[in-house]
Structure formats: C-alpha cells, structure tokens
Amino acid sequence: MFNLIFSTLFMNSLTPKFYVALTGTSSLVSGLILIFEWWYYKKYGISFLEQLSITHLTPWFGGNGTANGTDSETSSTGSGPQQEVQVSENPYKLFRGPEYSRFLKFRGKEPLTFYDMNLSAQEHQNLFPVEVYATKDEFDTMQRAWRERDPLLRVSIAEELLQKNPDCVPALVLLGEEGTSMIIETESRFRDALRVLENSLARRRSGLVTYDEDSHAREMEISFYVRRRLAMCFRKLRKFKEAVKIMKDLLKEFPMIMDIQENLIECLLEMKAYADVQAVMAKYDDVNIPKSATIVYTAALLKCHKCRFSPDLVSKRGISAVELSAIEAIHRAVEFNPHVPKYLLEEKSLILPPEHIVRRGDSEAIAYSFFNLDHWKDIEGALKILHMTWEGTFRALPYPLEKGHYFHPYSAGMEAAERELLPAFHELSVYPQKEVPFFITFTAALCCVMAMLAVLTHAYPEFMAQLARTMLVYITMPVNFLVEKLEAIVPPQLMQNLARI
C-alpha cells in the first residue's frame, strides 16, 4: 500500500516538461521502428517483429515456428500440387546488337540483368560443345567469348576467330546476336551460319564424312536454333511467308520441342490469318500440353474476334452465348497469368522483354504483351471486353496460392526469380498482392499517436499534464479496489510479508 501511495505522489510531482520529453522520445523511437520495419518488409517480404515473434515466441505456445509466407512454396493444398518455378528461354527473345544495345545507347539503362545474360551464356556454351569446333583452340577462344561480360570484347574475339576460320558457326551466331546494328545484318550472319550447317549435313549424308549419330544430333540441334533465329529476322523484316515456312518446317521436324508454335501464332496474327491461327490452336491448346500466356490469351483473343463485343449492344439485348464463351476464356487466361491485362490495357508501361521468362510470371506477361498488344488492338471490342471482365476472375480465386480453378495454384516463389530476371528500373508486378503486416500497421498507428501527443503536450503542457494525472487516477482505481479487497480477506501479516518482498 505504501509503494502505491509513493508512486502516486511521484507521478503527481512530475512537471509538464517531463511529459513533453516522454511523448517526444516515444514518437521518435516508434518512428525509427516503423522505418526499419518497412525497410525490412520491402527487402525480405516479412515483418521483422512478426518473424521474431514466430521464430522465438510461437514454439513456446506449441506452434511450428513457420511463417505463413515462407512455407507456401513447399506445401500445397486444394486441387493440385504446387507448380514449381521454372526459368525458361523466352521464345520472343530479341537480338542484343540491333535491339537491346540500341535501347542501352538511347536510354542509358541496361535492359538485361547479369543473371539473365549469364543464363544465355551457359545455354550457348552447352549448345556448342568442343566437338563442334575445328580445333581445341577455337573451342577455348569461344568459351572465353561466351563468358566475357564486355559485349565489345565478345564481338572482337568472335571477329578474330572468324578471320581465321570463316566457317566457324559459333562465331557467326555470336556476331549475329550481338555484332550487328541492323536486323538485315543479323539475317546475313544467320544465313551464313545456316549455309555452313547445311553443307556439313550434306557431306555427312553423302558419306564424305563418317556418320556419327551424336554429332548429327548436335548439328540438328544447332540447325534448329539458327533457323529459328533466322525466322525471327524474317518476322522483323516483315517477310512473313518465309518466316511462317521455316516455323512450320521446324514444327514438323521437331514436334517435341515446344514454344516454336508461339512464334508461329504471333506471326500468323500479324498476317491476320485468323483461320490458320485457329488451326494451330486446335492442335496445341490441349489439356496434356503445357500452357503458356500465348496459348491461353490467343484462345481468348479468337473468342473475342468471333463475338465482336459492343457495350451498347450488350446493354440492349443482354450477353449472348458467344460473349459468355469469350468472358470465360478471358477468366481462364487471367487465372493462368494475371499480369498480362494491365500491359494490354496500357495501365502499366512495357519494357523490353528479358531473354528468359518465368511461366505465369511478370516476365512472361511482358514478353507476350510486347509482341501481341497490337493484335488485341486490331480486333474490335477485344480490349473493351477485357477491360470490363478481367478483374472478375479474382472473385472465383479467393486463395490463389492454395486452390486454382482451371490451373494449378499460383506459385508463391515467383517474385524472387522475377527480380533476378527483370531490370531494377522496372516496377515488378506481384500476384497475389501481399497484405501489409500487422506490426507495420501497429507501429505506424503508435508513431502517429505519440507524435500527436508530443505536439499537444508541447502546445498545452498544463492541460496535458493534468489530463495524464487524471487518466492515471482512473487507471489505478481498479488496482486500489483490488488491494483493499485483498487486505480485507488476507491476514495483515501476510500482506506485510508480500510488501517486503
């Protein structure tokens, strides 16, 4: 009882300056905690205080000590297994020399990340093993060129090697990708590489060179790559017939290699050959074939082409069966990749697509939209129906990380892979959006309240000091009441012993 009376007298003796200092210091400390919490959340995707409480406090109460956001990659519930995050080559990959380097020159921003370029270098090294080269020295030289980070030095090494051996296919490929400033020059380089490969394959078939199955398979793989890049040159030079012919030949010769149909579909859409696009889609929009943004969004685009959507007509006669089919196809496409609509509707600015993409991620959305935005604009009403209906997809997907409607649940591990692939100046599109952790909201509210109290105490010190004393009296009233009851029930000697303790 004496301690309680002493503490009350101590609080009543405090001056207004003490309350100003107390509220000001509390506001400053809570503000610093808020800044640190926000920085930690932006960098690691979880609140520091939340992680601390989960790691150290939850085990005391029988929890498993695992944050909700950290185990979603390894666990899955609902309609199917969690889809793994896989980085694959972008079928719409641009050419570094005439396209990526031009962007760097005029904008001063690096369009490709080191991680992205390093993946391409590894793929080229695997595509051209030592057996492809005439000598071991050529192999060592080109390996050094692929690993070199300076593009000018890479091109210089390939040019020196090409002067020694004009038929060096890896050097021609590197110069075609990076050593040109115009697409027509790139086409010339890949034509030369294809000529060398066709001569080698012809000698092998005629028996002039000993037939080796492994070497033949390797040359066919290199031929596929060169012809595909040559078809991309034709597409950019608007030589659509030549591009389509090469792509169809590649699909016949290499039916197990996917993604080439995406280039074919885009080229046919540019030609406005919608019947041919429908024929390709009938073959590849199958349940057993892995999906892509090109497949699902082209299916939706063809449905929009059939219905010729008009809001005025729909408001008068209602939605027809064809329009319902188009809406369903849009919902299916948005579930597969929810990042695409904002790029197609130009609500988010496009950048040059990376050389590698994550399926269902922001990188794939950029790659698809970069080449297909004009195709959506060409079809009357396609963007209108997309604008009016795409957000309705999310009402059917309240928990996209746990259960999907048409596809597997959305993977939670895409964001980390996307940040490695996309340049730093691009604002990454994240789905589903993370909610702000409770501790950040709590700290922000605490900081605001303390700042307000500090200002009021500084402006009205006497009034705020009296208010603090009054609140303290009301807070201590229940404590005093309990102490009085305990004194009436418990023997005095026991209370004296407790007071001493």
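The values are calculated or read from the model by the stated rules, or taken from the named source; none is laboratory data. On a predicted model such as this, the values are computed, not experimentally measured, just so you know. We place every Cβ from the backbone using ideal geometry, glycine too, and count neighbours over all the protein chains shown. When the accessible area is computed, the model is the full protein with side chains, heavy atoms only, and any ligands, DNA or RNA have been set aside. Shrake-Rupley method; radii C 1.70, N 1.55, O 1.52, S 1.80 Å.
Things worth noting here:
- Sites residue 271 and residue 39 - FRET efficiency at Förster radius 45 Å, r taken between beta-carbons, to 0.05: 0.35
- Sorted largest first, the principal axis extents computed over the alpha-carbon atoms of region 91-237 equal 53, 33, 27 Å.
- Length gained when the stretch residue 430-residue 391 is fully extended (0.36 nm per residue, less Cα-Cα span): 12.5 nm
- For region 296-433, average projected area of the Cα convex hull in nm²: 8.3
- From the C-alpha gyration tensor of region 179-304, square roots of 5λ in Å: 30, 19, 11
- Rounded FRET efficiency, nearest 0.05, which uses the C-beta distance separating residue 324 from residue 164 and R0 of 60 Å: 0.40
- Inter-label distance, nm, simple model (7 Å from Cα along the C-beta direction), residue 448/residue 195: 7.2
- Solvent-accessible surface ranking, highest first, for 146, 39 at 1.4 angstrom: 39, 146
- In Å², nearest 10: area of residue 449 left accessible to a 1.4 Å probe: 70
- Near residue 104: Cβ cut-off under 11 Å, other residues only, Lys/Arg at +1 and Asp/Glu at -1. The net charge is +3.
- Restricting region 245-317 to trypsin sites (Lys or Arg not before Pro) that sit in a DSSP loop and have at most 14 other Cβ atoms within 10 Å of their own Cβ leaves 272.
- Efficiency of FRET between residue 88 and residue 153 - r from beta-carbon atoms, R0 41 angstrom, step 0.05: 0.90
- Applying 0.36 nm per residue to the separation of residue 278 and residue 483 and subtracting their alpha-carbon distance, the gain on full extension is 65.4 nm.
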